Amino acid sequence: MLAQTGRAVADRLRENPAVIAIPHDGIEMFVVPDFISPAECAALIEKIDAVCQPSTLLSGGTLADDVGFRTSHSANLDRFDPLVEAIDTRILALTGLRERQGETIQGQRYRQGQLFKPHYDWFGTDQPYWPKEAAAGGQRSWTTMAYLNRPQAGGATRFTSAGFQVEPLPGLLLLWNNMTVDGLPNPAVMHEGSPVEAGTKYIFTKWFRRGDWY
Ligand SMILES: O=C(O)CCC(=O)C(=O)O
Ligand SMILES: [Fe+2]
């Protein structure tokens, strides 16, 4: 099931001329330049600033005790906001995923010195949070993430095991499959939001579940 989802999305992305595959052994990753327009980036940044709160980690997880692990601010955007809805609709058309599989778009703001240490977006099924997540659509299949601006220095998304990084390029959508081609959690997709060295970094993330998130 997760293997099928992974393949269906990847096949659809490969057929789309606007999508660029990032070739890397063992990871399915793609980018779409200019997916978010400059006006949309600016509007999203305003919305993020208006509602963001200190970012959280999954409660009871092994990482939850490390206070310096994720020092950014996060904003759960209103999924019925017309701009958010429009972007959601484009991401669904791009990926072929179902609306109800998608978590609400979450904005992230990193000020100078802030970071998100190396982690997986997939859930550890041995973790205390898992029963709750299992009931809320289950495992995360695809991550979609867009850069809304470029900080003056730092803030790349570094794939720490795979050994490459994606630089914040405003408007760029980055997509990757959190699962292997066999539909199992992929150890190769460990990544971090590396520290912003100067300026502020704004992104959004939207994760997709195996089943219905809501
Ligand atoms: O800030 C980044 O570049 C990565 C963000 C991230 O990994 C996440 O929100 O799950
Ligand atoms: Fe992540």
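Which one is least open to solvent (accessible area, probe 1.4 Å), of the residues in segment 78-105 that are of a type in the set (S, T, N, Q) and over 22 Å from Ile27 (Cβ atoms)?
Checked segment 78-105; the qualifying residue least open to solvent (accessible area, probe 1.4 Å) is Thr104.
Please work out which residue is most open to solvent (accessible area, probe 1.4 Å), limiting yourself to segment 163-199 and to residues that are within 12 Å of ligand 1 (Cβ to nearest atom) and hydrophobic (A, V, I, L, M, F, W, C).
Among them, the one singled out is Leu169.
Any idea how many residues of segment 180-211 are within 14 Å of the chain's Cα centre (by Cα) and of a type outside the set (Phe, Trp, Tyr)?
9
Give me a count of the residues in segment 118-132 that are open to solvent by less than 70 Å² (accessible area, probe 1.4 Å) and among the charged types (D, E, K, R).
1
Tally the residues that are touching a strand residue (DSSP E or B) at 6+ places or on another chain (Cβ under 8 Å) and either of a type in the set (A, V, I, L, M) or assigned to a strand (DSSP E or B) (or both), restricting the search to segment 172-186.
8
State whether one or more residues within segment 1-9 are of a type in the set (Val, Ile, Thr), modelled with pLDDT of 95 or more, farther than 18 Å from Thr157 by Cβ and touching a strand residue (DSSP E or B) at 6+ places or on another chain (Cβ under 9 Å).
Checked against the condition, which is being of a type in the set (Val, Ile, Thr), modelled with pLDDT of 95 or more, farther than 18 Å from Thr157 by Cβ and touching a strand residue (DSSP E or B) at 6+ places or on another chain (Cβ under 9 Å), segment 1-9 yields at least one hit.
Residue under question is Ile48, and the condition is that it be within 23 Å of Val196 (Cα to Cα), of a type in the set (Val, Ile, Thr), surrounded by 17 or more Cβ atoms within 10 Å (Cβ to Cβ) and in contact (Cβ under 8 Å) with a residue 60 or more places away in the chain; does it hold?
It is true that Ile48 is within 23 Å of Val196 (Cα to Cα), of a type in the set (Val, Ile, Thr), surrounded by 17 or more Cβ atoms within 10 Å (Cβ to Cβ) and in contact (Cβ under 8 Å) with a residue 60 or more places away in the chain.
Which members of segment 187-213 meet the condition of being in a loop (DSSP other than H, G, I, E, B) and within 13 Å of ligand 2 (Cβ to nearest atom)?
Residues satisfying the conditions are Met190, Ser194.
Could you grab me the full set of residues in segment 99-140 that are among the aliphatic types (A, V, I, L, M) and within 16 Å of ligand 2 (Cβ to nearest atom)?
Answer for segment 99-140, where residues must be among the aliphatic types (A, V, I, L, M) and within 16 Å of ligand 2 (Cβ to nearest atom): Ile105, Leu115.
Out of Arg79, Arg109, I need the residue that is on the phi < 0 side of the Ramachandran plot and assigned to a strand (DSSP E or B). Which one?
Of the residues listed, the single one that is on the phi < 0 side of the Ramachandran plot and assigned to a strand (DSSP E or B) is Arg109.
The values are calculated or read from the model by the stated rules, or taken from the named source; none is laboratory data. Just so it is clear, the model here is predicted, and its values are computed rather than measured. Neighbour counts run over all protein chains shown; Cβ positions are idealised from the backbone, glycine included. We work out accessible area using only protein heavy atoms, side chains counted, and drop any ligands, DNA or RNA first. Shrake-Rupley method; radii C 1.70, N 1.55, O 1.52, S 1.80 Å.
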